[in-house]
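**Q** First the structure, then my questions, so here it is.
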2 protein chains.
Amino acid sequence: MTTVTVDLGSRSYPIEIGPGLLDDSSCWEPYAQGRTLAVVTNSTVGPLYARRLCKSVAGLAARVVMVELPDGEEYKTSATLNRVYDALLEARCDRQTLIVALGGGVVGDIAGFAAATYQRGVPFIQVPTTLLAQVDSSVGGKTGINHPRGKNMIGAFYQPEAVLIDTATLGTLPDREFSAGLAEVIKHGAACDAGYFAWLENELPAVLARHPATLAEAIAGSCRIKARVVAADEREAGLRAVLNFGHTFGHAIENGLGYGTWLHGEAVAAGMVLAARLSVDMGSLEPREARRIRDALAYARLPVTAPVFEFARWMDLMELDKKASAGTPRFVLLRGLGAAYIAGASEERLAALLATGEEGARTDPLQPLAGPNP
Amino acid sequence: MTTVTVDLGSRSYPIEIGPGLLDDSSCWEPYAQGRTLAVVTNSTVGPLYARRLCKSVAGLAARVVMVELPDGEEYKTSATLNRVYDALLEARCDRQTLIVALGGGVVGDIAGFAAATYQRGVPFIQVPTTLLAQVDSSVGGKTGINHPRGKNMIGAFYQPEAVLIDTATLGTLPDREFSAGLAEVIKHGAACDAGYFAWLENELPAVLARHPATLAEAIAGSCRIKARVVAADEREAGLRAVLNFGHTFGHAIENGLGYGTWLHGEAVAAGMVLAARLSVDMGSLEPREARRIRDALAYARLPVTAPVFEFARWMDLMELDKKASAGTPRFVLLRGLGAAYIAGASEERLAALLATGEEGARTDPLQPLAGPNP
């Protein structure tokens with residue numbers, strides 16, 4: 001078992017990483033002992049893992065309340081959040097209740113926001129079961145729900161007591177979701193840590209084969225990078241924005257195709273390729289470094305070419321991005337691998353970049369585009 | 001103008017107190033300069049003060065978005081909260097938007113919770129216009145809404161950037177609400193500060209006459225006491241519970257009569273008389289001190305006798321109270337004026353206390369019961 005500490009002063013917490021944590025009572029003891037646990041999960045993950053979790057805390061918890069939500073981003077709404085509140089109140093859960101988020105990013109975001117707001121805040125722990133949730137949403141304390149007018153518009157920064165990552169749960173993760181999670185893993189290296197990126201390039205075959213020890217190491221490394229960034233900028237005042245590498249283009253792709261057509265990680269993958277090419281155009285990144293990013297993503301079976309939009313549509317979509325200030329899109333760019341910075345770009349430059357994107361445009365993620373370093 | 005500082009480390013904020021702040025641009029400058037302001041108010045307070053606020057920030061704010069909510073505790077719901085979110089999104093308010101809560105406790109609680117959760121938290125300031133909100137809900141960062149199953153069940157601790165108390169706004173406050181606010185003022189003295197209580201006893205005639213300077217001094221003193229307690233226990237882990245003096249009985253009264261029949265401050269007033277008598281029964285308070293509390297409340301035109309309930313009903317109602325642990329009600333009691341502690345009480349003792357409460361029972365708050373120190 002590996003422990004990564006997210007260092008946030010009095011709100012610091014450990015991320016425990018390893019295979020089999022779900023079934024290991026000793027991992028649960030510090031959190032479950034004597035408490036009421038409210039396990040929030042969904043209709044896909046619950047049937048797979050809830051019973052095993054209950055067994056691990058059976059001799060520890062005072063009682064366990066199960067809250068099963070429907071599965072899917074379309075349920076990340078105030079209506080679903082209210083179902084969690086109703087279940088907690090129905091079971092007379094008090095302020096000492098520990099909320100356990102068992103599932104992917106949507107479950108973690110809703111359960112975390114319920115924890116942040118139920119009786120003005122109760123403790124919670126994350127048990128993320130997708131790669132994306134393990135390396136991304138479980139580190140940093142972002143919780144929330146969508147609003148009809150925008151994603152993640154309602155939420156809070158609220159840190160868990162701990163994150164328990166059972167890497168064995170990735171065994172049941174569909175390939176497409178696994179690849180989407182890898183997009184964030186690659187992002188952490190490309191934007192924040194050249195050494196980790198180089199290690200990952202070498203280990204991608206083992207990671208894709210879901211080799212347990214390599215997977216645990218990749219996740220720990222990725223969490224460590226994100227934890228470092230979050231520790232320096234808990235509330236996203238500045239530095240933390242580097243984690244949005246690929247996201248200005250990525251959000252535009254997600255939004256332009258309609259949310260859910262491409263997975264978030266897929267849109268970010270194509271977005272990172274564009275952001276790397278923009279960095280090359282701006283003279284801050286070597287073409288061969290941009291190529292390494294593209295190759296790693298392609299090897300991870302992620303799309304590396306954005307869908308085709310008219311240029312005016314691109315601009316509209318990017319101006320909706322949260323990083324846009326006064327209607328001008330901002331981009332996370334690279335000054336070499338592992339070193340991100342934020343800048344705007346002229347319309348001319350963007351027009352040239354996005355026009356060339358049309359060659360070989362594709363809208364079918366999921367198939368590998370190329371072998372490693374071809 | 002008096003400034004009271006709520007000392008919460010990086011979340012510290014000033015409470016500015018004085019007549020005419022609403023019309024004083026210099027008070028607004030540090031908060032409004034260059035920002036988008038979203039003023040959340042209600043249909044009673046808005047027409048009285050919103051235009052004056054807008055005038056004060058006219059040369060400062062980038063723009064002002066008005067959000068007017070219906071007036072009343074029955075609107076402290078998720079539906080009303082959603083109206084605030086909708087309005088903020090409709091006006092494309094970003095993360096730099098300053099939310100201004102202009103109104104009483106309900107407006108402050110909803111607007112504060114909207115600020116805590118809109119785009120994971122935006123800055124806000126409180127401009128409380130009722131005495132209760134000025135001395136109670138504006139200090140301490142409690143925000144939230146009601147749930148059909150319980151009051152304040154959904155919320156967050158979220159501190160404002162500042163609280164601006166224009167004591168002149170109390171000129172339009174109905175007598176009954178003014179008295180209900182005084183219940184909390186008296187509570188702060190009785191539970192936490194004997195010196196302030198003694199000062200208040202002497203000044204009650206001037207306070208009730210709403211003499212501007214005395215009123216400002218009473219409010220500043222009351223805020224100072226609450227700020228001290230909150231600074232020592234921001235998230236209500238222990239000490240802060242002393243501010244619930246009178247509340248175990250008070251909540252039972254509110255709940256038993258149906259919320260809204262008595263105002264919160266009225267129920268707490270009768271609850272404090274019972275809690276003081278229980279303290280006397282437990283041997284920790286002199287009868288003459290309990291009498292001083294009762295007299296101050298009566299002089300402030302607050303009810304000092306609880307309504308009549310069967311004893312079993314009292315117990316049911318008190319077990320619903322949040323301070324009840326494992327079904328046993330807990331009480332904030334006094335070890336002399338200004339020194340609160342928390343304890344349980346035997347059923348026999350409570351039965352005796354609540355039975356004698358039936359003499360002279362009354363359910364009509366609002367009329368003075370006695371002169372000062374008769």
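**Q** How high is the FRET efficiency from B:N202 to A:S10, r the C-beta distance, R0 60 Å, rounded to 0.05?
**A** 0.90
**Q** Mind listing the label-point distances from A:G260 to the same position on all other copies, shortest first, one decimal in nm, points 7 Å along Cα→Cβ?
**A** Shortest to longest, the spacings are 3.8 nm.
**Q** Another one. Choose one of B:C93, B:L53, B:V64: the residue whose Cα lies farthest towards the positive end of the charge dipole of chain B (beta-carbon charges +1 Lys, Arg; -1 Asp, Glu; about the Cα centre).
**A** B:C93
**Q** Next question, about the same structure. Given 0.36 nm per residue, what is the gain on full extension from A:A58 to A:D281 after removing their alpha carbon distance, in nm?
**A** 74.5 nm
**Q** For a distance above 30 Å, tell me the whole-number percent of Cα pairs in chain A that qualify.
**A** 36 percent
**Q** Separation of region B:285-302 and region A:78-123 by C-alpha centroid, Å?
**A** 43 Å
**Q** About the Cα centre of region A:126-256, how large is the charge dipole given +1 on each Lys and Arg Cβ and -1 on each Asp and Glu Cβ? Please answer in debye to the nearest 20.
**A** Once rounded to the nearest 20, the dipole reads 340 debye.
**Q** Can you give the helix-only mean residue ellipticity at 222 nm for chain A, where every DSSP H stretch with n ≥ 4 adds -39500 (n - 2.57) and the sum goes over all residues, rounded to the nearest 500 deg cm²/dmol? Walk me through the numbers on the way to the answer.
**A** Numbers: 12 runs with 162 residues, N = 374.
Here the helix-only value at 222 nm equals -14000 deg cm²/dmol.
**Q** Okay, next question. Where does the charge balance sit around A:R52 when Lys and Arg score +1, Asp and Glu -1, over other residues with C-beta under 14 Å from its C-beta?
**A** In short, -1.
**Q** Output, in nm with one decimal and in ascending order, the distances from the B:A232 label point to the matching label points of the other copies (7 Å from Cα along Cα-to-Cβ).
**A** So the distances to the same position in the other copies read 4.0 nm.
**Q** Taking the alpha-carbon set of region B:1-148, what are its Rg and Dmax in Å?
**A** 14.2, 43
**Q** Multiply the residue gap between B:L239 and B:E73 by 0.36 nm, knock off their C-alpha separation, and tell me the result in nm, one decimal place.
**A** Computed gain between B:L239 and B:E73 is 57.0 nm.
**Q** Also, I was wondering about something else. Once Lys and Arg get +1 and Asp and Glu get -1 on their Cβ, which of A:T117, B:Y196, A:S179 lies farthest toward the positive end of the dipole of the protein assembly as shown?
**A** Farthest towards the positive pole: B:Y196.
**Q** May I ask what percent, to the nearest 5, of DSSP beta bridges between residues of the protein assembly as shown are antiparallel?
**A** For the protein assembly as shown, the DSSP antiparallel bridge percentage is about 40.
**Q** Full extension from B:S26 to B:N82: what is 0.36 nm times the residue separation minus their Cα-Cα distance, to one decimal in nm?
**A** Between B:S26 and B:N82, full extension yields an extra 16.9 nm.
**Q** To test your reading of the geometry: what angle, between 0 and 90 degrees and rounded to tens, separates the Cα axis of helix A:105-117 from the longest principal axis of chain A?
**A** 60 degrees
**Q** Follow-up question, since we're still on this one. Distances from B:G195 to the same residue in each other copy, label points 7 Å out along Cα→Cβ, in nm, shortest first?
**A** Shortest to longest, the spacings are 5.8 nm.
**Q** Please state the equivalent ellipsoid semi-axes for the protein assembly as shown: what are the square roots of 5 times the Cα gyration tensor eigenvalues, largest first, in whole Å?
**A** 53, 30, 19
**Q** While we're looking at this one, here's another question. Nearest 20 debye, what's the magnitude of the dipole of region B:179-356 about its Cα centre given +1 on Lys and Arg Cβ and -1 on Asp and Glu Cβ?
**A** Roughly 280 debye, rounded to the nearest 20.
**Q** Can you give the net charge of the other residues whose Cβ lies under 9 Å from the Cβ of A:G336, counting K and R as +1 and D and E as -1?
**A** Charge balance in the 9 Å sphere: -1.
Since every read-out is calculated from the coordinates, none of them should be taken as a lab result. Fair warning: this is a prediction, and the values are worked out from it, not measured in the lab. Reconstructed Cβ throughout: ideal geometry from the backbone, glycine too, with neighbour counts over all protein chains shown.
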